[in-house]
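Down below is the structure, laid out as structure tokens.
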Amino acid sequence: MACLHDHSCEDHDCSSDWSLYKHIDLSKISALNEATPGSVKSVFKAWEHRLNSSGEHLESNEGDPELLVFIPFTSDVKIKSISIVGGPDGTSPSKMRAFINRDGIDFSDAQSMQAIQEWDLAENMQGVLEYQTRYSKFQSVGNITLHFPDNFGGDITKIHYIGLKGEATQLKRDVVATIVYELMPNPSDHKTRAESGGGLSHVG
């Protein structure tokens, strides 16, 4: 399922606020079958710069349109949607498959494993399409691997931008830890509070 915006995101802040760009561990991103080693890093950028390609993009090797992109995060995240800006003339990816929290997947793994979700992609040159995730399955994501098995008929696959939206869950984890601690109180703590008039009282 894709969402098509009918307004300017710059005016509404509907996209940059949810961008996970700042939570991506850019130094550890990798891709299999990329024609230029390290070029995958160029497709991750702030939402407002998604169409500023400056000639840099991710491209598959000639005659082999398949790409596999590994994206680790600096903290666990929840992913709401994914946006892909591909190349012209049939070089945009036509399908996308996602695997979460799996390290070191290669093409044979990707082809034999069940993806957590799959999407049929449209050619999206302006970056206005977003593909919604099955949100309940994209919680506590430490890394995500995106598999692009095919394109729209080109000899190579080109990707200019990959955008991920959602939220980091790091702060929520701290809150949960505090709640767990309070559910198992230290009796001496509560005795001290009771003596000072601020403890727990029992209703008979």
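Restricting the stretch 91-136 to residues that are among the β-branched types (V, I, T) and at pLDDT 95 or above leaves a set whose member that is farthest from N61 (Cα to Cα) is T133. Within this structure, G204 fails the test of being at pLDDT 55 or above and either under 16 Å from I84 (Cβ atoms) or open to solvent by 50 Å² or more (accessible area, probe 1.4 Å) (or both). Among residues of the stretch 87-99 that are open to solvent by 10 Å² or more (accessible area, probe 1.4 Å), those with a beta-carbon under 6 Å from a residue that is polar (S, T, N, Q) and at pLDDT 95 or above at least six positions away or on a different chain give the pairs T91/N151; T91/T157; S94/N151.
Inside the stretch 34-48, residues that are open to solvent by 30 Å² or more (accessible area, probe 1.4 Å) and in a loop (DSSP other than H, G, I, E, B) make up a count of 4.
Against the numbered list (1) open to solvent by 10 Å² or more (accessible area, probe 1.4 Å); (2) at pLDDT 95 or above, S81 comes up short only at (1).
Please work out which residue is modelled with the lowest pLDDT, limiting yourself to the stretch 49-75 and to residues that are in contact with a His (Cβ under 6 Å, 6 or more places away or on another chain), buried (at least 18 other Cβ atoms within 10 Å of the Cβ) and under 20 Å from N151 (Cα atoms). Ranking the candidates gives H57 first.
The values are calculated or read from the model by the stated rules, or taken from the named source; none is laboratory data. Keep in mind that what you see is a predicted model, and the values were worked out from it rather than measured. In this analysis, Cβ positions are derived from the backbone assuming ideal geometry, glycine residues included, and neighbour counts consider all displayed protein chains. Side chains included, ligands, DNA and RNA excluded: accessible areas come from the protein's heavy atoms. Shrake-Rupley method; radii C 1.70, N 1.55, O 1.52, S 1.80 Å.
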